[in-house]
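Here, each number is a calculation from the coordinates, and none is a lab measurement. These numbers were taken from a predicted model, which means no experiment stands behind them. Cβ sites come from the backbone with ideal geometry, for glycine too, and all protein chains shown count toward neighbours.
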Amino acid sequence: MPGLIGIIRHTLKDENRNAIKTMLKCLMHEKFYTSGSYIEENLGIYIGWTCHEGSFSDCLPIWNEKKDICLFFSGEEYSDGAVIEALKARGHDFHPERAEYLVHMYEEDGMGFLEKLNGSFRGLLVDRREQKAVLFNDRYGLGRLYCHEDDDGFYFSSEAKALLKVFPKLRQLDFSSLGELFSCGCVLDNRTLFPGVSLIPGGSSWTFFPHRPVVKESYFNRERWEGLPRLPDSEYAARLKDTFSRIVPRYFRGKERIGMSLTGGIDTRMIMAWSPAHPFKVPCYTFGGMYRDCADVKIAREVASVCQQHHETIGLNKRFFSEFPALAKKSVFYSDGTMDVSGAVELFVNRMAREIAPVRLTGNYGDQILRGVIGFKPGMLQGDIFSADFAPRVRSGIQAYAEMARNPPVSFFAFKQLPWYHYGRLSVELTQVTMRSPFLDNDLVALAYQAPAEHAGNNADSLRLIADGDPALSGIATDRGVVLRPVPIANKVRRLCREFMIKAEYAYDYGMPQWLARADRFLAPLHLEKVFLGRHKFYHFRVWYRGELAQYVRDVLLDPRTRARPYLRGRQLEEVVGNHLEGRRNYTQEIHWLLTSELIQRHLIEKI
């Protein structure tokens, strides 16, 4: 994915130059990436970068007019237009649709400019005047930065594999972190899968002076948001409408073509209701499956029509199965093991999304920010597959989660669930497209802390916001049958039917109970998957692991190398694979993570 790599070291200059070249190659995943490097030997700074061609950050390095301040920035930033106009008024020269204005924000505000930045990003500022460099990231930590320190210097990268490549000693697994990956689906507390490699916390500004220890500071403290007072219902509703209508246009800015990743839910419809786009200027698309048009496709098509925008279905097809081994490997490799093999789907569909538009605008995170939905919960994998020494590490991940869950809901999501759990899928998506979501806008997240407590889990505010923006959209029921002004009996029946089909599909796919798995084995000739699957989800790994992907599962998980891993019980692993492939049990999640851990071992530890 687009990102930064860097070495801050005053010795071994030739080695540093070679290391930067090696690290940079690790981030060049696609032909449409651009890259470059820069060296400031007086400060011991060696830096490289990759960008999507034509993107917001494809203008590095960024200099001020006097050439004494330089900025390297990866990501996007969504300042209010008034900030840019004020910089122009003060005589600064820059391209307003690229990251060039950011260096002038520093000139005007010093390090206070970091608090004004709005987006997901990482960056390095080099100030020749003060003989310093400042490494920073966004307040949530979505602009991930891996780092490693030793007696000689400091090394950082937006992808861990670049550090693993130049430091062979780091190529080993931290079994405590691996246990958390199995139980929580992510590594917690800004640690990583690799000993000696950690994450720079969100909201960091770490300053480097020549021949002095790094000064590690934070420019943002979430307690300021947590201390905001709750608002009365009417005031919160008014401020939500004002804030949302004001911020949405920010996400339609820029010179790149924007595509709307439209679903049947509430959040993408909120964006469309307040979109500043002219008719047929923002192409809409929805990801679809192989069995039928899912609810997302049907509803999104109707929403796009009302908004006078073109709509296209990006569908999985049988080519996906033949490409799955390569896609699964890349999903795990690109994400440094933070995304499981199901990320193969994301690679497949987002490659096609890029052909429509290089920027993908989504409603991601609206549920969590505005309605307090927490979809990040730990669990113990079944099948007794872990060795006696390793199993306690998996259980400890569940205990660590319980401690974290005591945070206020918005804080738990924004500062823990988002940068640790959701990052994996996002990192895969970002290799193909630039991702945007107004639901992470600083102004909106700050307001979410002031929502009345009783509004948690309530759709009413969002539905009213849709109606205020575009009344025609409020009459279209969502994928769960939610509508602003329902006809009581008809709406209740519709919602019950849709909820039943959602639960039935889940029970026939990921969540199939073991007793039903045994029964389903004998019903296989009836192909009941054609009845239940594809109505709400567009990928179905339980069935695929038994069918089209069965040989791949056997080849990887029954390989002697896999069975011999010290954290697994080889015999139980064979039973899990056999029972799932023969239809006696449902071990979809177990197979997900077993495949993932083996690909981590092979492609990030043993061969990189």
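Can you give the FRET efficiency to the nearest 0.05 for ASN190 and ASN18, using r as the Cβ-Cβ distance and R₀ = 45 Å?
0.95
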*asked:* Please compare each pair in LYS21/LYS169; LYS298/LYS329; LYS31/LYS329; LYS31/LYS330; LYS13/LYS169; LYS25/LYS116 to a cut-off of 26 Å on the Cα-Cα distance and tell me which ones are over it.
replied: LYS298/LYS329; LYS25/LYS116
*Placing +1 at every Lys and Arg Cβ and -1 at every Asp and Glu Cβ, with all other atoms neutral, what dipole size does the chain have around its Cα centre, in debye to the nearest 20?*
1580 debye
*Return the whole-Å distance between the Cα centroid of the stretch 410-426 and the Cα centroid of the stretch 74-127.*
25 Å
*asked:* At R0 = 25 Å, how high is the FRET efficiency between PHE280 and ALA467 if r is their beta carbon distance? Nearest 0.05 is fine.
replied: 0.60
*Which one of THR192, PRO168, VAL83 is farthest out on the positive end of the charge dipole of the stretch 3-220, using unit charges on Cβ (Lys, Arg +1; Asp, Glu -1) and the Cα centre as origin?*
PRO168
*Amide H to amide H, which residues 5 or more places from GLY143 or on other chains are under 5 Å from it, using H placed in the peptide plane?*
PHE121, ASP138
*Of TYR545, PHE415, ASN442, which is farthest along the charge dipole of the stretch 226-606 in the positive direction, counting Lys and Arg as +1 and Asp and Glu as -1 at C-beta?*
TYR545
*HN-Hα J in Hz across the stretch 591-608 - Karplus 6.51, -1.76, 1.60, θ = phi - 60°, x for Gly and Pro*: 5, 3, 7, 5, 4, 5, 4, 6, 5, 4, 4, 6, 10, 10, 10, 7, 9, 8
_Taking θ = phi - 60°, what integer Hz values does the Karplus form 6.51 cos²θ - 1.76 cosθ + 1.60 yield along the stretch 545-560, in sequence order, with x for Gly and Pro?_
5, 7, x, 4, 9, 4, 5, 4, 4, 4, 4, 7, 7, 9, 5, x
*Fewest first, what order do PHE167, PHE390, PHE182 take by the number of other Cβ atoms within 10 Å?*
PHE167, PHE390, PHE182
*Using modelled backbone amide H atoms (1.01 Å from N, in-plane), which distant-in-sequence or interchain residues come within less than 5 Å of GLU312's amide H?*
CYS284, TYR285, THR286
*Would you order THR338, THR207 from fewest to most other beta-carbon atoms within 10 Å of each residue's own beta-carbon?*
THR207, THR338
*Past the 29 Å Cα-Cα mark, which pairs from LYS416/LYS607; LYS165/LYS537; LYS318/LYS377; LYS67/LYS255; LYS88/LYS255; LYS132/LYS607?*
LYS416/LYS607; LYS165/LYS537; LYS318/LYS377; LYS132/LYS607
*Which of the peptides 551-564, 114-127 is most tightly packed, and how do the rest follow, judged by the mean count of other Cβ atoms within 10 Å per residue?*
114-127, 551-564
*Show which aspartates and glutamates lie in cross-link reach of LYS241 when reach means a straight Cα distance below 15 angstrom and same-chain residues fewer than eight apart are skipped.*
ASP233, ASP267, ASP441, ASP443, ASP461, ASP468, ASP470
*Putting +1 on Lys and Arg Cβ atoms and -1 on Asp and Glu Cβ atoms, find which of PHE220, LEU594, GLY254 reaches farthest to the positive end of the dipole of the chain.*
LEU594
*Multiply the residue gap between ARG518 and VAL306 by 0.36 nm, knock off their C-alpha separation, and tell me the result in nm, one decimal place.*
71.8 nm
*With each label point set 7 Å from Cα along the Cα-Cβ vector, what nm distance links ARG128 and LYS88?*
2.8 nm
_Test of understanding: what is the full-extension gain from THR11 to GLN572, defined as 0.36 nm times their sequence separation minus their Cα-Cα distance?_
196.9 nm
